[in-house]
Amino acid sequence: MNTPLALVIDDESDIRELLEMTLARMDIDTCAAAGIAQARKLLQEKRFDLCLTDMKLPDGSGIELVEHIQQHHPDLPTAVITAHGNVESAVQALKAGAFDFVSKPVDLHMLRKLVTTALRLSRQHKTQAATGGPQLLGNSPAMEGTRARIAKLARSQAPVFISGESGTGKELAARLIHDQGPRRDGPFIPVNCGAIAGELMESEFFGHKKGSFTGAVSNKEGLFQAADGGTLFLDEVADLPLHMQVKLLRAIQEKAVRPVGEQQERPVDVRILSASHKDLAALVKEGSFRQDLFYRINVIELHLPSLRERRDDIPLLIEHILERLALQSGMEKPGLAPEALDTLQNYFFPGNVRELENILERAMTLCENNLIHSADLQLHPVADAEEEEATPAEISLEPYLGNVEKATIVKALEQTRYNKTAAAKRLGITFGALRYRMKKLGLD
């Protein structure tokens, strides 16, 4: 394999020399520039595998160079060197298309990790081939656009916030960003922030030292350490209590964590992806979510469309889900009667793709002669929101509310890993009331 070539831009000669020496020890050749004009000339003359640029340069800013590289050399991973604690500049660089950032004084250990990840991305782009891994299915314009955006986000190290209703596939989108990026060989650690007890949250995220509290009988690695070199996916991040939001913000900004009971912080190389079905901007206004953390995790937003916004994809999804369910159960794949397909295409789907999966799994169990009819779906068709407003007298409210209630209970059960006591507490009802509602809705 050819020796990688890096472009280093900094107007301070001692910083340039430090970077060149560090890269040389990693068997990487370098070309150095003291400003933007010289860097642009080198970019025209040579093909680079990596670019490291200072934020402040004599003839412009690092942001200008990042934007130039994005336009003319989009396959070149570019990292920006920022002043210590200048989070705003780092976020601005990531939004402009920078691969990652490193703060002054430069931590050589973190720099080497960044360079290794960037070169892996550069090599991956040259040899990238289609894989047979999980995919977001659908041929609608909404899904075509979503997949294209995921491919672009996979090339960055910027924090991404994935928004969308429950059941739209936010964790799958996060996994695809991980799998298509340079961290694909590292761990992908998903965590549901709403499913961790408040008193255990700091230990779960950052780990703890033996004897640091009652019950700490041995040293424990936290989720950040487990995701080192890979991706940490914070699902339902809006459920984090305020005291953990403060600690999470510091861990993201400093790229380091301090286990409970220890005095020293440990550096971690983790990409943060997060998601929630809640409106984080509204929670910031209410004061229940910190504005600085929102600003930090929402550098780039990826919105996943609801199933109602891509109804043309429903037949394709049905075929895929039925094939998978038949394979898992060892049964023959059932057919779908035309009236059943019509019922599904006119259903509101408050629970989106996840609800479609549950409906089809139940229908497979209930159907006879291996053919799913509309009655097997156990649904009351509800028109979409526009039709609902136009003809309110034609729509029964009770079935619609029942579907919403069912989706809400299923979500609470999933968030609590099907612990009914915890789910009842989350829903604000008694355990007995939850059991009654589950039985009434056919969820038991």
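Mind scanning Lys95/Lys285; Lys46/Lys104; Lys278/Lys420; Lys209/Lys278; Lys170/Lys220 and naming the pairs with a C-alpha gap bigger than 25 Å?
Numbers: Lys95/Lys285 23 Å; Lys46/Lys104 28 Å; Lys278/Lys420 22 Å; Lys209/Lys278 34 Å; Lys170/Lys220 29 Å.
Distance filter (> 25 Å) returns Lys46/Lys104; Lys209/Lys278; Lys170/Lys220.
With a 1.4 Å probe and all protein chains left in place, how much of the accessible area of the chain comes from carbon and sulfur atoms, in whole percent? Write down the numbers at each step before the final one.
On the way: 10790 of 21750 Å².
The C+S portion of the solvent-accessible surface of the chain is 50 percent.
May I ask you to list the aspartates and glutamates whose Cα is less than 19 Å away from that of Lys439, ignoring any residue fewer than eight positions away on the same chain?
Answer for Lys439, where 19 Å is the Cα cut-off: Glu355, Glu361, Asp376, Glu398, Glu405, Glu414, listed by chain and number.
Among bridges DSSP assigns within the chain, what percent are antiparallel (round to 5)?
Details: 6 of 43 bridges.
Roughly 15 percent of the DSSP beta bridges within the chain come out antiparallel.
Hey, what do the phi angles of the range 175-185 turn into as Karplus ³J(HN,Hα) couplings, whole Hz, using 6.51/-1.76/1.60 and θ = phi - 60°, x for Gly and Pro?
For the range 175-185, the Karplus-derived couplings read 5, 5, 4, 5, 5, 8, x, x, 9, 4, 7 Hz, x marking Gly and Pro.
Compute the Cα gyration tensor for the range 1-87, then decide on rounded, prolate or oblate, letting a ≥ b ≥ c be the square roots of its eigenvalues: rounded whenever a/c is under 1.5, prolate when a/b is larger than b/c in the other cases, and oblate in all that remain.
Working: a/c = 1.56, a/b = 1.13, b/c = 1.38.
Oblate.
Would you calculate, for the chain, the mean residue ellipticity at 222 nm contributed by helices, counting each DSSP H stretch of 4 or more residues as -39,500 (n - 2.57) and dividing by all residues, to the nearest 500? Kindly include the intermediate steps, with their values, before the conclusion.
Details: 20 runs with 210 residues, N = 444.
Calculated from helices alone, the mean residue ellipticity at 222 nm is -14000 deg cm²/dmol.
Enumerate the amide H contacts of Gly335 below 5 Å, restricted to partners 5 or more residues apart or on another chain; note that Pro and chain-start residues carry no placed amide H.
Here the answer is Leu371, Ile372, since their amide H atoms fall under 5 Å of that of Gly335.
Return a whole-number percent for the relative contact order of the chain, with Cα pairs under 8 Å and 6 or more residues apart as the contact set. Could you put the intermediate results ahead of the total?
Values: 707 pairs, mean separation 51.4, N = 444.
Relative contact order here is 12 percent.
Let me have the relative contact order for the range 303-364, percent, based on Cα pairs under 8 Å that are six or more residues apart. Mind dumping the intermediate values first?
Working: 30 pairs, mean separation 27.0, N = 62.
Reported as a whole number, the value is 44 percent.
Find the relative contact order for the range 18-175 and round it to a whole percent, using C-alpha pairs within less than 8 Å whose residues are 6+ positions apart. Let's see the in-between values first.
Numbers: 157 pairs, mean separation 28.2, N = 158.
Relative contact order, the range 18-175: 18 percent.
Rolling a 1.4 angstrom probe over the protein heavy atoms, how many square angstrom per residue are accessible across the chain?
Numbers: 21750 Å² over 444 residues.
It amounts to 49 Å² per residue over the chain.
Under 20 Å from a point 7 Å along the Cα-to-Cβ line of Leu5: which residues of the range 99-119 have their amide N that close?
What the label zone holds, given the 20 Å backbone N cut-off, is 115-116, 118-119.
The values are calculated or read from the model by the stated rules, or taken from the named source; none is laboratory data. Keep in mind that what you see is a predicted model, and the values were worked out from it rather than measured. Don't worry about glycine lacking a Cβ; one is built from the backbone with ideal geometry, like all the others, and counts go over all protein chains shown. All accessible areas refer to the heavy atoms of the entire protein, side chains included, with ligands and DNA or RNA removed. Shrake-Rupley method; radii C 1.70, N 1.55, O 1.52, S 1.80 Å.
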